[in-house]
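A.B. asks: Before I ask anything, let me first share the structure, which is written out below as C-alpha cells.
Read the figures in this text as sums done on the coordinates, not as results from a lab. What you see is a predicted model; the values in this text were computed from it and never measured. Neighbour counts are summed over all protein chains in view; Cβ atoms, including those assigned to glycine, are modelled from backbone coordinates with ideal geometry.
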Amino acid sequence: MSSSSGMDRPIKRSFIQRHRRLLVGGGLCLAIAATVVWFSGGMASRSDRLPAASLTIGQVTRGSFHDFIPLQGKIVAHDTVLLDALEGGRVDKILVHPGDWVQEGQPLVDLSNSALALDVLEREARLIESITQLQTYQTSLEQARLANDKALAAIDYDIVRLRRSEQRRDVLAAQGAEPAELKDQVEDELQYNLKIRPIQAEGNANQDQLRRQQLPQIQEQTAKLQRDVIITRGMLDNLIVRAPVSGRLTALSVNVGENRNQGESFGEITLDTGFKVTAPLDEFYLGRLQMGQTATIQIGDQTAALHVVRIYPQVKDGVFSVDLDFNGASPAGLTPGQAVAGKLALGRDQPAVLLPSGPFLERSGGDWVFVVSPDGRSAERRRVKLGRRNSDQVEVLSGLAPGDRVITSDYTGLERTARINIDN
C-alpha cells in the first residue's frame with residue numbers, strides 16, 4: 001500500500017522547466033538587442049584627436065535664409081537669326097566676311113544650280129500655257145455673249161421689219177394689187193420670229209449667268225497662276241542668299257566651290273538688341289524654377305540684376321538651361337561667350353536658424369554633425385535635421401540651437417567617430 005501511494009504522488013517541476021520556452025525566447029530577444037546595440041554603438045563609438053588648425057568651426061545663428069542657388073553662365077547675344085539656304089546649290093561667290101555689319105536684303109552669298117534653272121523654265125512654261133488657256137476660254141465666253149446678243153438683235157430687227165411689211169401688204173391685198181400668198185408668207189415669218197425670240201432671250205440669259213459665274217473663277221485662277229510664275233522665277237533669285245535682318249554677321253561657315261543643301265544653316269546674324277545670360281542648372285531645381293525669378297551676377301566690380309525669361313525643360317545629362325535678361329540695358333563692355341557667376345533666387349528671404357554651409361554635408365548628408373563643447377576642447381557627434389541650403393547657408397530644423405558651434409569642415413574618415421578631441 002505504501003509503495004503504491006508513493007508512485008501515485010505528483011512530481012513537481014522546477015520554475016525553469018515550467019518557463020523554459022519563455023526564458024529561451026526572452027534570452028534570444030536580449031541577444032538580438034545586445035547585438036543591435038553593439039553594432040549601432042560600433043558605428044560611432046570611436047574617439048579621434050584632431051588639431052584645431054585642421055578644423056573649420058561655424059556658429060549656429062538666427063537670421064534670414066537666402067533661398068538661392070549658385071549661377072554659372074555665359075554672355076550671349078539677346079537675339080540671333082540663322083542664315084539658311086532657301087535653295088541648294090554650289091557656292092560661287094562669298095560677298096561678306098564674319099564681323100561685317102550687314103543691312104537687311106544685302107546679298108551675302110551667290111549660289112548656282114543648273115538643275116533648278118531648268119526646272120524653273122519648265123514650270124514657268126507650264127504655268128504660262130495654263131494662263132493662255134484660261135485667257136482663251138475667257139475670250140470665247142465673251143465672243144459667245146456677243147454672238148448671242150447679235151442673234152437676239154437680228155430677231156428683233158426681223159420682227160420690226162416683218163410687221164411693217166405685213167401692214168403694207170394688208171393694204172395691197174385689200175386693193176387686189178398683191179396676191180394673198182405673199183401676205184401669208186410675211187405673216188408666217190413674223191410669227192416664227194415672235195416664237196423664237198423668247199427662246200433666244202432665255203438662252204442668252206442662261207449663258208450670261210454661266211459666264212458671270214465662271215469669270216471670277218477664271219480671273220482668280222489666272223491671278224494665282226501669275227503669282228506662281230513670280231514665285232517660280234523667285235526660286236532663281238533665292239540662289240542669292242540675302243540678309244534677312246540688319247545686324248552683325250557673327251558666323252559664316254561656307255567656302256567657294258562647296259555644295260549646300262536646301263534649308264541648311266551656314267551663318268548667323270546678331271541683332272543690335274543687347275545681351276542675355278544663358279546658364280545650365282541641375283535638374284533638381286527644375287520644379288522650383290519659374291519665369292520672372294531674380295538673379296544677380298558679378299561683372300568686374302559691379303553687380304548686375306537679371307530675371308528669368310525662358311526655361312528650357314529638356315534635361316540632358318542631369319542638366320537643363322535657362323535664359324536671363326538684364327533688368328534694363330545690358331552693362332557696357334560685355335563680350336559674347338564671356339563667363340559670369342552669380343546667384344539665382346528661388347524664393348524670398350525667410351527667418352530661420354542657420355548654420356554655415358561646408359564640406360561636412362557631403363559625408364553626413366545633413367543627418368549628423370560634430371558639436372563643439374563650450375571649452376573648445378572636444379566635439380560630440382549629434383543627430384540633426386537640416387532643411388534648405390545654398391552655397392553659404394544651411395537651414396536647421398532640429399538638433400541645434402543658436403549659439404552652438406559646429407565643425408563644418410570635411411568629415412572624411414570620421415564616419416564612425418563619436419567624439420573628437422581637439423588638440424589646440
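A.B. asks: For the cross-link pairs LYS150/LYS183; LYS93/LYS276; LYS74/LYS385, which exceed 31 Å when the distance is taken from alpha carbon to alpha carbon?
C.D. replies: The pairs that break the limit, which is 31 Å between Cα atoms, are LYS93/LYS276; LYS74/LYS385.
A.B. asks: Top mean-square fluctuation among ILE218, ILE57, ILE159, Gaussian network model of the chain, C-alpha springs under 10 Å?
C.D. replies: Among ILE218, ILE57, ILE159, the largest mean-square fluctuation in the Gaussian network model of the chain belongs to ILE159.
A.B. asks: Just order 197-208, 275-286 by mean Cβ neighbour count inside 10 Å, highest at the front, would you?
C.D. replies: Details: 197-208: 13.3, 275-286: 16.7.
Order by mean packing, descending: 275-286, 197-208.
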